[in-house]
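Participant: First the structure, which I've put down as structure tokens, then a few questions once you've had a look.
The values are calculated or read from the model by the stated rules, or taken from the named source; none is laboratory data. Keep in mind it's a predicted model, so treat the numbers as computed, not measured. So basically every Cβ, Gly included, is an ideal-geometry build from the backbone, and we count neighbours across all protein chains shown.
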Amino acid sequence: MRDKRPLAVVAAVAAVVVVLAAAFALGAFKSDAERARESVEALMEGYVVPHSDDGGGEPDDEAWRAADFGDAATMGVLSTYGVDADAWRRHCLGNLTFELGDARAEDGVATVSLTVTNASLSAAVEAAGADFEAFSATQEAEDLYAQGGRPALFARLVDGVYEHLDANESPVTSTVEVTCRREDDGSWAPEVAGDEAFFSALYGGSNVVSGLASATSTE
């Protein structure tokens, strides 16, 4: 009778290969640095504004899932003038692109190099302010104020900011280091809360954590 043991061995080896291939596909053998890098990539994808696809399909707003835009202080001021936070952020981040660099991990802490390019929010605000200053001397500005008061004038200023942002007139490229920490379940979490350098890069070299809020409040 033919010995079937070699066939059994081959089958067992094949099964191991399949298991290993699945493990690699699921990332079971990824290094800590690779996992940290992927966590930063997922974080940044949450800031990319969803757009309609080439076929004209509706954008997937579920992708618009960033938990922290770093602009709480700025929006605290702008919201008093009726500025919609979602619209503001979509214009601010509409030209955002990013590229991941090297990642290093040791003892549960990782750093990931991140290069961000985006339209400068502060430059857009400055340009819109100059436009508005010229507009304020016109009869149209007086009529607008008579119809809607200060909120109407502020809405006009904000629309100007949106126009300059959408035009991507002053793109700024910044490179920052993102710190990540390993969680108890083995996953990696980027730590960007309150990180002025990170959010400044996100908004094209503009400090929305405190600087823009202060400037907006003063104006």
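Participant: Residue check: is D185 within 24 Å of A67 (Cα to Cα), in contact (Cβ under 8 Å) with a residue 40 or more places away in the chain and not aromatic (F, W, Y)?
Facilitator: no
Participant: What is the number of the single condition among (1) part of a helix (DSSP H, G or I); (2) surrounded by fewer than 16 Cβ atoms within 10 Å (Cβ to Cβ); (3) more than 21 Å from the chain's Cα centre (by Cα) that A141 does not meet?
Facilitator: Failed condition: (2).
Participant: Which residues, taken from segment 130-181, are of a type in the set (G, A, S) and in contact (Cβ under 8 Å) with a residue 60 or more places away in the chain?
Facilitator: A155, the sole residue that qualifies.
Participant: Report yes if some residue within segment 183-197 is surrounded by 19 or more Cβ atoms within 10 Å (Cβ to Cβ), of a type outside the set (V, I, T), closer than 24 Å to T74 by Cα and touching a Ser or Thr at 6+ places or on another chain (Cβ under 7 Å); otherwise report no.
Facilitator: yes
Participant: Same structure again: If the requirement is being modelled with pLDDT of 60 or more, small (G, A, S) and either in a loop (DSSP other than H, G, I, E, B) or in contact with a strand residue (DSSP E or B) (Cβ under 8 Å, 6 or more places away or on another chain) (or both), which of these qualifies: A66, A42?
Facilitator: None of the others qualify; the one that does is A66.
Participant: Looking at segment 209-218, can you tell me whether even one residue there is outside any helix (DSSP H, G or I) and either modelled with pLDDT of 90 or more or over 13 Å from S122 (Cα atoms) (or both)?
Facilitator: Within segment 209-218, not a single residue is outside any helix (DSSP H, G or I) and either modelled with pLDDT of 90 or more or over 13 Å from S122 (Cα atoms) (or both).
Participant: Somewhere in segment 86-106, is a residue closer than 17 Å to D166 by Cα, in contact with a Pro (Cβ under 8 Å, 6 or more places away or on another chain) and at pLDDT 90 or above?
Facilitator: Within segment 86-106 (the criterion being closer than 17 Å to D166 by Cα, in contact with a Pro (Cβ under 8 Å, 6 or more places away or on another chain) and at pLDDT 90 or above), the answer is yes, since at least one residue qualifies.
Participant: Of the numbered conditions (1) in contact with a strand residue (DSSP E or B) (Cβ under 8 Å, 6 or more places away or on another chain); (2) modelled with pLDDT under 95; (3) not polar (S, T, N, Q), A137 fails exactly one; give the number of that condition.
Facilitator: Going through (1) in contact with a strand residue (DSSP E or B) (Cβ under 8 Å, 6 or more places away or on another chain); (2) modelled with pLDDT under 95; (3) not polar (S, T, N, Q) one by one, A137 breaks only (1).
Participant: Out of curiosity, is V116 crowded, with 17+ Cβ neighbours inside 10 Å, touching a residue at least 40 places away in the same chain (Cβ under 8 Å) and assigned by TED's automatic domain parsing to the domain that holds D184?
Facilitator: yes
Participant: If you go through segment 151-175, how many residues are farther than 21 Å from A201 by Cα and of a type outside the set (D, E, K, R)?
Facilitator: Matching residues across segment 151-175 total 8.
Participant: Given (1) among the basic types (K, R); (2) in a helix (DSSP H, G or I); (3) at pLDDT below 90, where does R37 come up short, assuming only one miss?
Facilitator: So R37 meets the others, but not (3).
Participant: Output the residues belonging to segment 97-118 that are in contact with a helix residue (DSSP H, G or I) (Cβ under 7 Å, 6 or more places away or on another chain) and either assigned to a helix (DSSP H, G or I) or within 16 Å of M44 (Cα to Cα) (or both).
Facilitator: F98, L100, A103, V112, L114, V116, N118
Participant: Would you be able to say whether some residue in segment 209-219 is out of contact with any helix residue (DSSP H, G or I) (no Cβ under 6 Å at 6 or more places or on another chain) and either within 16 Å of L93 (Cα to Cα) or among the basic types (K, R) (or both)?
Facilitator: no
Participant: Being in contact with an Asp or Glu (Cβ under 9 Å, 6 or more places away or on another chain), surrounded by fewer than 16 Cβ atoms within 10 Å (Cβ to Cβ), modelled with pLDDT under 95 and over 30 Å from E183 (Cα atoms): is that true of P59 here?
Facilitator: Yes.
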